[in-house]
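The values are calculated or read from the model by the stated rules, or taken from the named source; none is laboratory data. Note that the structure is a prediction, hence the values are computed from the model and not measured. Note that we place each Cβ from the backbone using ideal geometry, even for glycine, and neighbour counts take in every protein chain shown. Ligands, DNA and RNA are excluded from the accessible area calculation, which covers all protein heavy atoms including side chains. Shrake-Rupley method; radii C 1.70, N 1.55, O 1.52, S 1.80 Å.
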Amino acid sequence: MSIRDVYIVDAVRTPIGKFGGALAGVRPDDLAAHVVRSLVDRTPELDPARIDDVYFGDANGAGEDNRDVARMAVLLAGLPVSVPGVTVNRLCGSGLEAVIQAARAIAVGDASVAVAGGVESMSRAPWVMQKPERAFPAGHQQMYSTTLGWRMTNPELPAEWTVALGEGAELVADKHGITREQQDAFALDSHRKAAEAWAKGLYDGEVVPYEGVALLRDECIRESSTPETLARLKPVFRKDGSVTAGNASPLNDGAAALLLVDEEGLRATGREPLARIRSSAVTGIEPQLFGLGPVEAVRRALAKAGKGFGDLTTFELNEAFAAQSLGCLAEWPGLDPAVVNPRGGAIAIGHPLGASGARLAGAVAHQLAAAGSGTGLAALCIGVGQGLALVLER
């Protein structure tokens, strides 16, 4: 069996909304449907009935995104009912996992045309509670927020594995001697690059605003931030720590989607592809050091593609925390930091868990298309200790 080339024809995303912000009134299945519909509408020559499957990442799935949000997106977007959909969960890497699974299906001939993406509404994530062990309990019952992080933790897991995500970032800062000042400077640079990219119109070709919502650009970008304003923020996870709300990604709402095809599918679109998928890799690490998860995944993905750090023209690294991003960069001495997140990262743009990986893959594809050639990489750290990476080329 021959392995087919897989191409990314197009990629779209919503503007990323802040927690309780402009997109908080929009259901996650509607956000997902919006990017699917927008993606299909941008390729009018493609008959939607030719889409073999829709893969969508979703990290929480405890609220309105239950019951297979990928299939809900297909139906709500008005695609033919013959188009199936599957939802995948690799926490923060879910959107990129969806892209990888769709690409794998095309590469082995199980599909010719597929949509892959991700969605998350952290604003609308519900509170949940365990079912009582017996009927009519007289005492109070514990409720858990499904917005982010551990809940209903299995007591068999070692305590050091189940620390808060921010404490994990503090551990990475300890490991690499990363200071508060370095983290704040990294965060400021993320906001600066994102604001400049929007001002130059660099996101105009991929962002599709949600109809009826007055949000035209990412809601969390703070170009007015200064070293002094960030320095006044108190550490969140340790009294004497370095991780603050200013040097971490915020809580967000948003969705992203990509159109993937083989050679036959490409002809059906009548379009030139943005990029070609070369390789991917996933790795595991100690859960409390999840922030360093991309380190080995990136090395393996590049090796599979026969590439090195010097070959990269752009690299979208998810900024869950400035500390973990800086920790990863410290372990890639051969990487030029100038190619990393050239249009800003998640600290400024936002991190809607299940959507972020798809956003990163789409961003790399658009950047490669704008450059005309090159090699790009998308990578994320993942809670509970994993890393995921994807290499694209044009």
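A few comments on the model shown:
- Restricting Trp150, Trp161 to those that are surrounded by fewer than 19 Cβ atoms within 10 Å (Cβ to Cβ), without any contact (Cβ under 8 Å) to a residue 40 or more places away in the chain, within 28 Å of Phe19 (Cβ to Cβ) and among the aromatic types (Phe, Trp, Tyr) reduces the list to Trp150.
- Those residues of segment 196-225 which are open to solvent by 20 Å² or more (accessible area, probe 1.4 Å) and assigned to a helix (DSSP H, G or I), in sequence order: Glu196, Trp198, Ala199
- Yes/no for Ala33 being farther than 30 Å from Thr283 by Cα, under 18 Å from the mean Cα position of the chain (by Cα) and either part of a helix (DSSP H, G or I) or modelled with pLDDT of 95 or more (or both): yes
- Pair list, Cβ under 7 Å, 6 or more apart: segment 164-183 residue among the basic types (Lys, Arg), other residue in a helix (DSSP H, G or I) and surrounded by 15 or more Cβ atoms within 10 Å (Cβ to Cβ): Lys175/Gly327
- Search result, residues across segment 62-94 that are open to solvent by 30 Å² or more (accessible area, probe 1.4 Å), not in a helix (DSSP H, G or I) and not charged (D, E, K, R): Ala62, Asn66, Gly78, Pro80, Val81, Ser82, Pro84, Val86, Thr87, Asn89, Leu91
- Condition check for Pro337 on (1) surrounded by fewer than 24 Cβ atoms within 10 Å (Cβ to Cβ); (2) on the phi < 0 side of the Ramachandran plot; (3) in contact (Cβ under 8 Å) with a residue 24 or more places away in the chain: one failure, at (3).
- Close pairs from segment 105-123: first without any contact (Cβ under 8 Å) to a residue 40 or more places away in the chain, partner among the polar types (S, T, N, Q) and assigned to a loop (DSSP other than H, G, I, E, B), Cβ under 9 Å, at least 6 apart: none
- For segment 250-275, residues that are farther than 30 Å from Gly21 by Cα and open to solvent by less than 60 Å² (accessible area, probe 1.4 Å) total 11.
- Every pair of residues 6+ apart whose Cβ atoms lie under 6 Å, when the first sits in segment 278-295 and is closer than 14 Å to Cys328 by Cβ while the second is among the charged types (D, E, K, R): Thr283/Glu296; Val295/Glu331
- Residue in segment 181-193 that is crowded, with 17+ Cβ neighbours inside 10 Å and assigned to a loop (DSSP other than H, G, I, E, B) present: no
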